[in-house]
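J.: The structure that follows is given in the form of C-alpha cells.
The values are calculated or read from the model by the stated rules, or taken from the named source; none is laboratory data. In this text, all values refer to a predicted model and were calculated from it rather than measured experimentally. Positions of Cβ are backbone-derived with ideal geometry, glycine not excepted, and every protein chain shown enters the neighbour counts. Ligands, DNA and RNA are excluded from the accessible area calculation, which covers all protein heavy atoms including side chains. Shrake-Rupley method; radii C 1.70, N 1.55, O 1.52, S 1.80 Å.
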Amino acid sequence: MNQPSDKQHLILTGDRPTGPLHLGHFVGSLRNRVMYQDKYQQFIMIADAQALTDNMDNPAKIHDNVMEVALDYLAVGIDPSKSTILIQSQIPELTELTFYYMNLVTIARLERNPTIKQEIILRNFERDIPAGFFTYPVSQAADITAFKASLVPVGEDQIPMIEQTNEIVRRFNRLAKKDILVECEALVPEIGRLPGIDGKAKMSKSLGNAINLGSSEAEIKAAVKNVYTDPLHLRVDDPGHLEGNVAFIYLDAFDTDKEAVAAMKEHYVRGGLGDSKVKARLETVLQEMLRPIRERRQEYEKDRGHVLQILKQGTEKAREVAAKTNAEVMAALGLKHF
Ligand code: TRP
C-alpha cells in the first residue's frame, strides 16, 4: 500500500447505507479510516443517493441505514473533530456535477466498466437496468472530484471507478484548458476481503454470513460456534488444514498476538489441537475487540439528535467545498450568466 503521509492529501471514502456495517467493512476500510484521520484530511460520505440506484423499491431502508452507518462510524472511533462525515443526497452540487459529467462519458464506456458489468449480473438486472444505476460511476466521479480528493481508499472491485473518474478529470481539464479537477489514486488495503463465517469468499449481509459491529455478546458467541473450519479435522488428533479455515483467517485478521497464533497454527497442522480451543480463543479476541465498539455505539444511540447534528455539520462543511468546485466547473462550461 502506498502511503504518502501529509495533510496535503484529501481522502474521500464512503459506503452505501444498505445495512449495518460488519467485520468485513472493519477490515476492509473502517480501521484504516481511523488511522487515516490523523494523517490526512478525510471526508467520509454516506452514499444514500447512490444506494437508491438499486433500492428504489425500498427508500425507507436507505433512510434508516444512514443513521445505522453513522452510528457504526462513530462506534469504531471515527472522530468528527478529525473526519468530516457527510450525507451525499444533501449536497445538490454533487447531482449537478453528475449531470454535466454525463456528457464526458459514453454509453459504450459505461458498458465496459467491469464493476458495473459484474454488479448487473449479480443483481439479475439483465436488460432492465435502472439508468441511475448504470451511470453511478459518473456520480461517483462527481463525489470524488467535488472534494478534489487525491486519495480514494476502495476495495479492489472499485478500481474501475477510479479509472473512470480520472478519464473524466482529464477530459474536463482539457476542455477547460485549466487543471480545475484533480486526478486521484486508489488506496487499496492489504487485507481487502474477509470471508463470511460460512467460508464463502465474502462476508456480506445478503449472504447472511456476517458478524455486525453492533452484535451482542450472545450473537458473537453463536457466530463463532458456526465459523467454518476444516471439514477433514474430525478428531482432535487429526492433522488440521489452514487453507480456507475461517477461524484462523479471523485470528490472522484480529488477534494481535501473532506469535500465539503461529504456535496454534503449528499445533493444529501437526494434530492434537481441537477446533473448540481455536474457537475459544477467537471468541475471546472478538468479544474483547467488539465490546468497546458496541458500548460506544449504545452511548451514541441514546442521543440520535446529537448524531444528526454531527451529520449536519459535516454535510454543511462538505457542501461548501463541493459548491466551490461546482461553480468552477459551471464557469468553465459557460454556465455563468449573472
Ligand atoms: N461505491 C462505494 C460503495 O459501494 C460508495 C461510494 C460512493 C464511494 N461514492 C464514493 C466510495 C466516493 C469512495 C468515493 O461502497
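J.: Keeping the other protein chains in place, figure out the carbon and sulfur percent of the accessible area of the range 217-299, with a 1.4 Å probe.
T.: Reported share for carbon and sulfur atoms: 54 percent.
J.: Treating the beta-carbon of each Lys and Arg as +1 and of each Asp and Glu as -1, no other charges, what is the dipole magnitude of the chain about its Cα centre, to the nearest 20 debye?
T.: 600 debye
J.: Also, I was wondering about something else. Near the amide H of Ala186, under 5 Å away, which other amide H atoms are found, from residues 5 or more places off or on another chain, if H is placed in the peptide plane?
T.: Those lying under 5 Å, H to H, from Ala186 are Val152.
J.: What does the charge add up to near Gly272, with Lys and Arg as +1, Asp and Glu as -1, over the other residues with Cβ less than 13 Å from its Cβ?
T.: Value of the local net charge: 0.
J.: Lys pairs in the range 217-299, Cα-Cα under 18 Å, at least 8 apart or on separate chains: how many?
T.: 8
J.: Related question: How far, in nm, would the chain grow between Glu295 and Leu207 when pulled straight, counting 0.36 nm per residue and subtracting the alpha carbon separation?
T.: Additional length available on full extension: 29.0 nm.
J.: Amide H neighbours of Asp238 under 5 Å, counting only residues 5+ apart in sequence or on other chains, H built in-plane at 1.01 Å?
T.: Placed amide hydrogens put Gly272 under 5 Å from Asp238.
J.: Here is a follow-up. Mind checking which of Asn245, Thr115, Val27 is farthest towards the positive end of the chain's charge dipole, using Cβ charges of +1 (Lys, Arg) and -1 (Asp, Glu) about the Cα centre?
T.: So the residue furthest toward the plus end is Thr115.
J.: Can you tally the net charge around Asn65? Count Lys and Arg as +1, Asp and Glu as -1, for every other residue whose Cβ sits under 11 Å from the Cβ of Asn65.
T.: -2
J.: What lysines sit close enough to Lys7 to cross-link, taking a C-alpha to C-alpha distance under 22 Å and skipping anything fewer than 8 places away on the same chain?
T.: Lys39, Lys82, Lys148, Lys317, Lys324
J.: In debye, nearest 20: dipole of the range 204-248 around its Cα centre with unit charges on the Cβ of K, R (+) and D, E (-)?
T.: Taking the Cα centre of the range 204-248 as origin, the dipole is about 200 debye.
J.: Considering the dipole of the chain built from charges on the beta carbon (Lys and Arg +1, Asp and Glu -1) around the Cα centre, which of Gln41, Ala146, Ile78 is farthest to its positive end?
T.: Going by the charge dipole, the pick is Ala146.
J.: Let me ask something else about it. Under a point-charge model restricted to the Cβ atoms of Lys and Arg (+1) and Asp and Glu (-1), what is the dipole moment magnitude of the range 1-97 relative to its Cα centre, in debye to the nearest 20?
T.: 400 debye
J.: Consider just the alpha-carbon atoms of the range 173-252 and return their Rg together with their Dmax, both in angstrom.
T.: 20.5, 71
J.: Here is a follow-up. Taking 0.36 nm per residue of sequence separation and subtracting the Cα-Cα distance, how much length would be gained by fully extending the chain between Asn226 and His241, in nm to one decimal?
T.: 3.7 nm
J.: Skip the ligands, DNA and RNA, and give the accessible area per residue of the range 174-299 with a 1.4 Å probe, whole Å².
T.: Heavy-atom accessible area per residue stands at 56 Å².
J.: Moving to a separate point now. What do you get for GluC sites (Glu not before Pro) in the range 184-236 restricted to DSSP loop and a cutoff of at most 16 other Cβ within 10 Å of the site's Cβ?
T.: Glu190
J.: Can you give the three extents of the C-alpha atoms in the range 1-120 along their principal axes, from longest to shortest, in whole Å?
T.: Computed over the Cα atoms, the extents are 40, 34, 28 Å.
J.: Using the Karplus equation 6.51 cos²θ - 1.76 cosθ + 1.60 (θ = phi - 60°), what ³J(HN,Hα) coupling, rounded to whole Hz, does each residue of the range 202-218 give in order, writing x for Gly and Pro?
T.: Per residue, the Karplus-derived 3J(HN,Hα) values read 10, 6, 7, 4, 5, 7, x, 10, 9, 10, 6, 5, x, 4, 7, 4, 5 Hz.
J.: Okay, next question. Can you check how the C-alpha radius of gyration of the range 226-272 compares to 2.2 N^0.38 Å, as a plain ratio?
T.: Taking the Cα Rg and dividing by 2.2 N^0.38 Å, one obtains 1.09.
J.: If you don't mind, there's one more thing I want to ask. If contacts are Cα pairs under 8 angstrom and at least 6 residues apart, what is the relative contact order of the range 217-299 in percent?
T.: Relative contact order comes out at 34 percent.
J.: Output the relative contact order of the range 1-138, whole-number percent, from Cα pairs under 8 angstrom with separation of 6+ residues.
T.: Relative contact order comes out at 27 percent.
J.: Of Asp38, Asp275, which has the most accessible area and how do the rest follow, probe 1.4 Å?
T.: These residues rank, largest area first, as Asp38, Asp275.
J.: Kindly provide the Kirkwood hydrodynamic radius of the chain in Å, to one decimal, from all pairs of distinct alpha carbon atoms.
T.: 21.6 Å
J.: If each DSSP helix of 4+ residues adds -39,500 (n - 2.57) and the sum is divided by the residues in the chain, what number results at 222 nm, nearest 500 deg cm²/dmol?
T.: One gets -16500 deg cm²/dmol as the mean residue ellipticity at 222 nm.
J.: I've got another one for you. Residues in the range 25-63, backbone N under 17 Å from the label point at Glu126 (7 Å along the Cα-to-beta-carbon vector): list them, ranges by number please.
T.: none
J.: Can you give the Rg to Rh ratio of the range 217-299, both from alpha-carbon atoms, with Rh computed by the Kirkwood formula?
T.: With Rg and the Kirkwood Rh in hand, the quotient comes to 1.02.
J.: Rounded to the nearest 0.05, what FRET efficiency do Ala218 and Glu185 have when you use their Cβ-Cβ distance and R0 = 45 Å?
T.: Rounded to the nearest 0.05, the efficiency is 0.60.
J.: Can I ask one more? Based on the Kirkwood radius over alpha-carbon pairs, what is the Stokes-Einstein translational diffusion coefficient of the range 93-207 at 4 °C with 1.567 mPa s viscosity, in µm²/s?
T.: Result for D is 84 µm²/s.
J.: Let me ask something additional. Could you list the square roots of 5 times each eigenvalue of the Cα gyration tensor of the range 50-153, that is, the equivalent ellipsoid semi-axes, sorted largest first and rounded to whole Å?
T.: Sorted largest first and rounded, they come to 26, 19, 13 Å.
J.: Taking the DSSP beta bridges in the chain as the whole, what percent of them are antiparallel, to the nearest 5?
T.: 5 percent
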